[in-house]
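Below: one structure, written as structure tokens.
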Amino acid sequence: MNDSSGNGRYFDPDADHAFPDERLNEVLAFVDDDEEISTYLEAQNVNPVLRKGYNDHGKKHIEIVRNRALCLYDLLKAGGVEFNGARQQGLAEADEAVIIGLAAVLHDIGHVVHRDNHAYYSIPLAADVLDRILPEFYGVADAVRVKGEVLHAILCHHSAEEPLTYEAGVIRVADGLDMERGRSRVPYEKGGRGINTVSSQAIERVSLSAGGSVPVHIEIEMTDAAGVYQVDELLKSKLDGSGLDEYVRIVALNAREEGSLVERLEL
């Protein structure tokens, strides 16, 4: 369904999916070859990394979020979850993945303005990009509707705003899935040794798979019990506010500390 190893880490456009993927693949091919977007993904890293001392919010982060978002969406669709964003706008099922893919790519471009409140700054910048891109694939009416849904997902990824669509919920959760080996979304000062720093270094691997009793099983491999703080404070809080919590199970495993207080924790 996703990557050949079956761990839901990389979206393979050539694989079989639980949704119509032709339109998504066309849009992503266009986006990947777009100079303006590529420049934004580089420029948006300057404020958070060079000026604020945060971790990466540029191309690598976007690559991870896009992959995880589309893998998460694929698993939810395979599990029979009915998405509401595109459908309630009268759009096609194929547009659900387009909304998710574009929101994943553009969700952090507001960092070029400032790290603080960046989700709000992302809205006008992403709107300009979408106004240029969407007419390549849609007529006026559908372009307006897709644009609105993408902007909604962008706004809700990192703010107090409530996701009103499952598409937006996927982006919110996928943003939290970029948490391996110090890539935590929880900020910490350079050189700090507080719980945020220690816990962010403890996440070894994040994998997604079909969940059996629920559509999605997220497995977090930790090298230290301190990673529980990272999972609970970051990913669980994202999931709780996503609208998708009933469809996703999170299991954290302490892979290197046999006999420790936390060997397996289900959230």
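The values are calculated or read from the model by the stated rules, or taken from the named source; none is laboratory data. Treat the numbers as computed from the prediction; the structure is a model and nothing was measured. Neighbour counts run over all protein chains shown; Cβ positions are idealised from the backbone, glycine included. Side chains included, ligands, DNA and RNA excluded: accessible areas come from the protein's heavy atoms. Shrake-Rupley method; radii C 1.70, N 1.55, O 1.52, S 1.80 Å.
Which residue pairs have Cβ atoms closer than 6 Å, lie 6 or more positions apart in sequence or on different chains, and pair a first residue in region 55-76 that is within 21 Å of E22 (Cα to Cα) and of a type in the set (S, T, Y) with a second residue that is modelled with pLDDT under 95 and surrounded by fewer than 22 Cβ atoms within 10 Å (Cβ to Cβ)?
Hits for this filter: zero, empty list.
Taking region 63-90, which residues are open to solvent by 20 Å² or more (accessible area, probe 1.4 Å), in a helix (DSSP H, G or I) and touching a helix residue (DSSP H, G or I) at 6+ places or on another chain (Cβ under 7 Å)?
R66
Yes or no, residue by residue, for (1) open to solvent by 40 Å² or more (accessible area, probe 1.4 Å); (2) modelled with pLDDT of 95 or more:
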{"position": "A141", "(1), (2)": "yes, yes"}
{"position": "I154", "(1), (2)": "no, yes"}
{"position": "H158", "(1), (2)": "yes, no"}
{"position": "Y166", "(1), (2)": "yes, yes"}
{"position": "R172", "(1), (2)": "no, yes"}
{"position": "L177", "(1), (2)": "no, no"}
{"position": "E180", "(1), (2)": "no, no"}
{"position": "V186", "(1), (2)": "no, no"}
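Residue by residue through region 29-45, note down the ones that are assigned to a helix (DSSP H, G or I) and surrounded by 15 or more Cβ atoms within 10 Å (Cβ to Cβ).
Matches in region 29-45: V31, I37, Y40, L41.
Modelled with pLDDT of 90 or more, out of contact with any Pro (no Cβ under 8 Å at 6 or more places or on another chain) and over 15 Å from N55 (Cα atoms): does that describe E162?
yes
Is it true that some residue in region 93-104 is among the hydrophobic types (A, V, I, L, M, F, W, C), closer than 22 Å to R205 by Cβ, surrounded by fewer than 16 Cβ atoms within 10 Å (Cβ to Cβ) and modelled with pLDDT of 95 or more?
no
Looking only at region 47-62, count how many residues are open to solvent by 50 Å² or more (accessible area, probe 1.4 Å) and either touching a His at 6+ places or on another chain (Cβ under 8 Å) or at pLDDT 95 or above (or both).
Adding up the residues that qualify gives 0.
Taking region 112-134 as the search range and keeping residues that are in a helix (DSSP H, G or I) and touching a Phe, Trp or Tyr at 6+ places or on another chain (Cβ under 8 Å), which one is nearest to F11 (Cα to Cα)?
Once the filter is applied, the top-ranked residue is I133.
Each row is one residue, and each column tells you yes or no for (1) at pLDDT below 85; (2) assigned to a strand (DSSP E or B); (3) of a type outside the set (S, T, N, Q); (4) open to solvent by less than 10 Å² (accessible area, probe 1.4 Å).
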| site | (1), (2), (3), (4) |
| --- | --- |
| E221 | no, yes, yes, no |
| K238 | no, no, yes, no |
| S242 | no, no, no, yes |
| E246 | no, no, yes, no |
| R249 | no, yes, yes, no |
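Scan region 137-145 and tell me whether some residue there is free of Cβ contacts under 8 Å to residues at least 24 places away in the same chain, of a type in the set (G, A, S) and not in a helix (DSSP H, G or I). It would help to see each step written out before you state the result.
Just the residues of region 137-145 that are free of Cβ contacts under 8 Å to residues at least 24 places away in the same chain, to begin with: 138-141, 143-144.
With of a type in the set (G, A, S) added as a condition, the list becomes 139, 141, 143.
Next cut, not in a helix (DSSP H, G or I) only: 139.
Yes: one or more hits.
Just to be sure before I move on: is L265 at pLDDT below 95, in contact with a helix residue (DSSP H, G or I) (Cβ under 8 Å, 6 or more places away or on another chain) and surrounded by fewer than 23 Cβ atoms within 10 Å (Cβ to Cβ) in the structure I sent?
It is true that L265 is at pLDDT below 95, in contact with a helix residue (DSSP H, G or I) (Cβ under 8 Å, 6 or more places away or on another chain) and surrounded by fewer than 23 Cβ atoms within 10 Å (Cβ to Cβ).
Out of D12, D3, I need the residue that is out of contact with any Cys (no Cβ under 7 Å at 6 or more places or on another chain), modelled with pLDDT of 95 or more and either over 17 Å from V170 (Cβ atoms) or outside any helix (DSSP H, G or I) (or both). Which one?
The conditions single out D12.
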